[in-house]
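This is the structure, below, for whatever I ask next.
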Amino acid sequence: MCRHLAYLGPPITLADLVLTPPHSLYEQSWTPTDMRNGGTVNADGYGLGWYTDGQVVRYRRNVPIWADPNLPELAGSIRSGAVVAAVRNGTTGMPYGEGAVAPFRSGEWLFSHNGRVPGWPDSMVKLAEQLPTADLLGLDASVDSALVFALIRHRMAGHTDPEDAVVSVVQDVEAAAPGSRLNLLLTNGTHLIATTWTHSLHVHRTDKSITVASEPFGAETGWTEVPDRTLLVATATTLQLTPMEGPA
């Protein structure tokens with residue numbers, strides 16, 4: 001199913017966020033605790049996205065996170081106050097490669113999807129028809145996550161509020177492919193939008209930061225599980241949780 005996290009707060013090294021804490025995302029790549037029958041390891045690539053000096057930067061690989069000898073030195077040298085990271089467990093029938101690995105990027109936005117869309121690609125044909133041909137041709141990879149992000153981007157480009165765009169896409173995908181798992185992360189570096197939809201998400205807050213993750217890591221206390229079918233909207237110092245309705 002993949003594992004992912006997002007962080008907003010005072011600058012922190014990528015290593016201190018992703019590599020060194022107990023049960024970090026690094027460890028979750030081979031010993032996840034809550035995959036919900038969605039696989040046993042997350043070894044089909046990993047990605048890091050962060051914001052620095054107003055710029056969005058990504059580093060994605062199509063190897064297991066533990067198999068990249070460059071990562072510890074790289075991650076220890078980079079500090080950021082806004083980070084998205086993911087380890088991938090590829091879905092059978094979908095392509096592999098760096099283009100299929102989160103986080104996906106469009107302008108100032110970074111996006112990650114933990115879950116899957118049943119019946120891919122046939123179940124998504126009608127929704128894909130809503131997109132301009134150029135958007136479809138420009139997908140990073142022919143995977144459900146990339147198409148879900150394209151739908152969100154398209155609705156935001158049509159002046160739909162990002163929160164409403166995320167909620168409406170979740171509802172439409174669930175209607176088209178019942179039983180979808182749609183835990184989404186979307187951030188522009190200052191605001192974070194996340195959803196829980198039949199998969200796990202936890203949140204950890206301090207006075208100056210917020211972290212959301214598929215599974216708790218680091219501190220043993222302070223984590224709260226986000227209820228299923230919830231929209232999470234946050235900054236580094238604010239948090240709002242709103243129940244999500246199913247498709248009409």
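The values are calculated or read from the model by the stated rules, or taken from the named source; none is laboratory data. If you're wondering where the values come from, they're calculated on a predicted model, not measured in any experiment. Cβ sites come from the backbone with ideal geometry, for glycine too, and all protein chains shown count toward neighbours. Heads up: the accessible areas ignore ligands, DNA and RNA and are worked out on the full protein's heavy atoms, side chains in. Shrake-Rupley method; radii C 1.70, N 1.55, O 1.52, S 1.80 Å.
Ordering H204, H4, H191 by accessible area with a probe of 1.4 Å, largest first, what comes out? Don't skip to the end; give the middle numbers.
On the way: H204 35, H4 5, H191 95 Å².
Ranked list, largest accessible area first: H191, H204, H4.
If R0 is 41 Å, what FRET efficiency do you get for Q130 and A219 from their C-beta distance, rounded to 0.05? Present the calculation step by step, with values, prior to reporting the outcome.
Details: r = 42 Å, r/R0 = 1.03.
Working from the Cβ atoms, E equals 0.45.
Arranged from highest to lowest average of other beta-carbon atoms within 10 Å per residue, in what order do the peptides 211-218, 54-61 appear?
The peptides rank, most packed first, as 211-218, 54-61.
Can you give the local net charge around V212? Use residues other than it whose beta-carbon is closer than 13 angstrom to its beta-carbon, Lys and Arg +1, Asp and Glu -1. Please list the in-between numbers first.
Working: positive: R3, R205; negative: E215, E225.
With Lys, Arg at +1 and Asp, Glu at -1, the neighbours total 0.
Given only helices, namely DSSP H runs of n ≥ 4 each adding -39500 (n - 2.57), what is the per-residue ellipticity at 222 nm of the chain, to the nearest 500 deg cm²/dmol? Write down the numbers at each step before the final one.
Details: 6 runs with 49 residues, N = 248.
Value at 222 nm, helices only: -5500 deg cm²/dmol.
In whole Hz and in residue order, list the ³J(HN,Hα) couplings for segment 233-248 that follow from phi through the Karplus curve 6.51 cos²θ - 1.76 cosθ + 1.60, θ = phi - 60°; x for Gly and Pro.
Each residue's phi maps through the Karplus curve to give 10, 8, 10, 5, 10, 10, 8, 9, 10, 10, x, 9, 7, x, x, 5 Hz.
If you add up the charges near G76, with Lys and Arg at +1 and Asp and Glu at -1, over every other residue whose beta carbon is less than 14 angstrom from its beta carbon, what do you get? Don't jump to the answer; show the numbers that get you there.
Details: positive: R79; negative: D16, D68, E73.
After counting each charged neighbour, the total is -2.
Of all accessible surface on the chain at a 1.4 Å probe, what whole percent is carbon and sulfur? Intermediate values should be presented prior to the final figure.
Details: 5330 of 10490 Å².
Roughly 51 percent of what the probe reaches on the chain is carbon or sulfur.
If each residue of separation counts as 0.36 nm, what is the full-extension length gain between S209 and S77 once their alpha-carbon separation is subtracted?
Values: separation 132, 0.36 × 132 = 47.52 nm, distance 2.05 nm.
Full-extension gain reported as 45.5 nm.
OK, next. Rounded, prolate or oblate: pick one for segment 178-218, where a ≥ b ≥ c are the square roots of the eigenvalues of its C-alpha gyration tensor, a/c under 1.5 means rounded, and failing that, prolate if a/b is larger than b/c, else oblate.
Numbers: a/c = 3.41, a/b = 1.54, b/c = 2.22.
In terms of gyration-tensor shape, oblate.
A further question on this structure: Explain nothing, just the number: relative contact order of segment 97-239, from Cα pairs under 8 Å at least 6 residues apart, as a whole percent.
Values: 227 pairs, mean separation 32.7, N = 143.
Reported as a whole number, the value is 23 percent.
Rank by packing, highest mean first: peptides 228-234, 157-163, with packing defined as the count of other Cβ atoms within 10 Å averaged across residues. Spell out each step's value before the answer.
Values: 228-234: 18.3, 157-163: 13.0.
Packing order, densest peptide first, comes out as 228-234, 157-163.
Name the shape class, rounded, prolate or oblate, that the alpha-carbon gyration tensor gives for the chain, where a ≥ b ≥ c are the square roots of its eigenvalues, rounded holds for a/c under 1.5, and otherwise prolate holds if a/b is larger than b/c and oblate otherwise. List each step's numbers first, then the result.
On the way: a/c = 1.41, a/b = 1.28, b/c = 1.10.
Rounded shape, in that the Cα axes give a/c under 1.5.
Determine the per residue accessible area of segment 69-109 with all protein chains present and a 1.4 angstrom probe, expressed in square angstrom. If you can, show how the numbers build up before the last one.
Numbers: 1830 Å² over 41 residues.
Per-residue value: 45 Å².
Along the charge dipole of the chain, pointing to its positive end and built from +1/-1 on Cβ of Lys, Arg, Asp and Glu, which listed residue (G45, T133, H191) has its Cα farthest out?
G45
How much accessible surface does Y7 have with a 1.4 Å probe, in Å² rounded to 10?
That residue has around 20 Å² of solvent-accessible surface.
Report the extension gain between A157 and T190 in nm, rounded to one decimal, defined as 0.36 nm multiplied by the number of residues separating them, less their alpha carbon distance. Intermediate results must be reported in sequence, preceding the final value.
Numbers: separation 33, 0.36 × 33 = 11.88 nm, distance 1.89 nm.
Length gained, A157 through T190: 10.0 nm.
Let me ask something additional. Compute, for T133, the solvent-accessible surface of its heavy atoms (probe 1.4 Å) with the complete set of protein chains present, and express it in square angstrom to the nearest 10.
The accessible area comes out at roughly 100 Å².
Treating the angle as unsigned and between 0 and 90°, give the value, to the nearest 10°, between the Cα long axis of helix 162-176 and the longest Cα principal axis of the chain.
For 162-176 against the chain, the angle is about 60 degrees.
Rounded to the nearest 10 degrees, what's the angle between the helix 144-157 long axis and the longest principal axis of the chain, both from Cα atoms, 0 to 90?
Roughly 80 degrees between the two axes.
Which ³J(HN,Hα) values in Hz, rounded to whole numbers, follow from the phi angles of segment 87-100 under the Karplus curve 6.51 cos²θ - 1.76 cosθ + 1.60, where θ = phi - 60° and Gly and Pro get x?
The phi angles translate into 10, 9, 10, x, 8, 3, x, 10, x, 10, x, 4, x, 8 Hz.
While we're here: First check a/c for segment 181-248, with a ≥ b ≥ c the square roots of the eigenvalues of its C-alpha gyration tensor; if it is under 1.5, answer rounded, and if not, answer prolate when a/b is larger than b/c or oblate otherwise. Numbers along the way, then the final one.
Working: a/c = 2.01, a/b = 1.37, b/c = 1.47.
In terms of gyration-tensor shape, oblate.
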